[in-house]
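Report on the structure given below.
The values are calculated or read from the model by the stated rules, or taken from the named source; none is laboratory data. Remember, predicted model here, so these are calculated numbers, not experimental data. So basically every Cβ, Gly included, is an ideal-geometry build from the backbone, and we count neighbours across all protein chains shown. Please note that ligands, DNA and RNA were not included when accessible areas were found on the heavy atoms of the full protein model with its side chains. Shrake-Rupley method; radii C 1.70, N 1.55, O 1.52, S 1.80 Å.
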Amino acid sequence: MICLETIEQFHIDEPTALTIGKFDGLHRGHEELLSHLLEKQNEDLKSVVFTFDIPPKKLTEGDGQRLLSTNSEKQVLFAERGIDYLVLCPFTPEVMCMEPEDFVDWIVTNLNVKRIVVGEDCCFGHNRRGDHKLLAQLAGRYGYELKVVRKLKFEGRDISSTYIREEIKKGNMEIATQMLGHPYSIDGTVETGNQIGRTIGIPTANIEAEPVKLLPPFGVYAATIDIHGERYYGIANIGRKPTIKPKEGDRNPIGVEMHILNFHEDIYREPVRISFYVYERPEIKFDSISDLKAQIKKDIVFSEHYFGK
């Protein structure tokens, strides 16, 4: 997959099929869009996903909400799905103020668009005045085919990043999984932790999520970890490790750590993906390391039963 990240790069010679959106979380509704986008690959149309490097709402409304998918995670997810081009458009003041008709002319001309696939709630251009109706009006002028995809629903409500974010904040990981079509996950690189787990015979892999990434509630989860294409099972903890004395300051930084069942390889500095299946319990400060160890053993049994291991 080719990733275009600067305005100067926005040019594709090959004819393309394009979709537009925020694609935060890459949920089942997004997957539906991608399925219609990719069906034209057999007609020699290269697939293009157009999104912004910063969600427009963050700039226009000062919204500081955390993301379900970071830019780096999006690159991996779209590559895994066979997308040919990912456009991470810088949301500059010029782009932000672009009239909807000018925006259509810009992307269709520069990206050689022959087919557009959008959701029925698609909005673009200054003040979000562009929509699928405008795309339909301009299709004849620019010679592209338009496919509008209806929203998918879950329990009577449209599946959306906002809906999924609400459930993750509550720790309802299994509900989030149903809407995403896959467990909620965090990508990162394994870092050296305080190695307390190793001293008590329960080593953990530690990663630090990007600051913009939405973390589920602090606590323990049945989880999996993907390492070089292989999947392993275990328990993951999100939080500040309150039982462990911090190296600096009055508390540990927020982090994600995972104990992997029956795993003994050295994976420091390796890229991994930790996926959260179900919330078991909140993070607790124990009176001693031995109490912590006893509880972790119970957590491991919980995960083994959950995954049938």
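Antiparallel beta bridges, as assigned by DSSP with both residues in the chain, represent about 60 percent of the total such bridges. Sequentially through the stretch 129-146, phi angles give Karplus couplings (6.51, -1.76, 1.60; θ = phi - 60°) of 7, x, 8, 5, 5, 5, 4, 5, 5, 8, 4, x, 5, 9, x, 9, 8, 10 Hz, Gly and Pro residues having no value and appearing as x. With a Förster radius of 45 Å applied to the beta-carbon distance between K247 and K151, the computed FRET efficiency rounds to 0.40.
Solvent-accessible surface (1.4 Å probe) assigned to E208 amounts to roughly 120 Å².
Taking 0.36 nm per residue of separation and subtracting the current Cα-Cα distance, fully stretching the chain between Y268 and K298 would add 8.2 nm.
What does the C-alpha gyration tensor say about the overall shape of the stretch 160-217? Classify as rounded when a/c is under 1.5, otherwise prolate if a/b is larger than b/c, or oblate. The shape class here is prolate. Each residue of the stretch 301-306 was assigned a 3J(HN,Hα) from its phi angle through the Karplus expression (A = 6.51, B = -1.76, C = 1.60, θ = phi - 60°), giving 4, 4, 5, 4, 5, 4 Hz with x at Gly and Pro.
Just so you know, the Cα atoms of the stretch 1-159 work out to an Rg and Dmax of 14.8, 44 Å.
Each residue of the stretch 16-31 was assigned a 3J(HN,Hα) from its phi angle through the Karplus expression (A = 6.51, B = -1.76, C = 1.60, θ = phi - 60°), giving 10, 10, 10, 10, 10, x, 7, 6, 8, x, 6, 8, 4, x, 5, 4 Hz with x at Gly and Pro. This structure gives Cα extents along the principal axes in Å, computed directly, and of [x] 103, 62, 33; [y] 72, 39, 39; [z] 64, 44, 38 that value is listed as [y]. If R0 is taken as 22 Å, the Cβ-Cβ distance between T109 and H36 corresponds to a FRET efficiency of 0.45. Around the amide H of E145, modelled in the peptide plane, lie the amide H atoms of R115, I116, all under 5 Å away and 5 or more residues distant in sequence or on another chain.
Between H11 and Q65, the FRET efficiency estimated from the beta carbon spacing at R0 = 30 angstrom works out to 0.35. Can you give the calculated 222 nm mean residue ellipticity of the chain, where each DSSP H run of n ≥ 4 adds -39,500 (n - 2.57) and the sum is split over every residue, rounded to the nearest 500 deg cm²/dmol? It lands at -8500 deg cm²/dmol. Sorting C97, C3 by solvent-accessible area of protein heavy atoms yields C97, C3, largest first, with a 1.4 Å probe.
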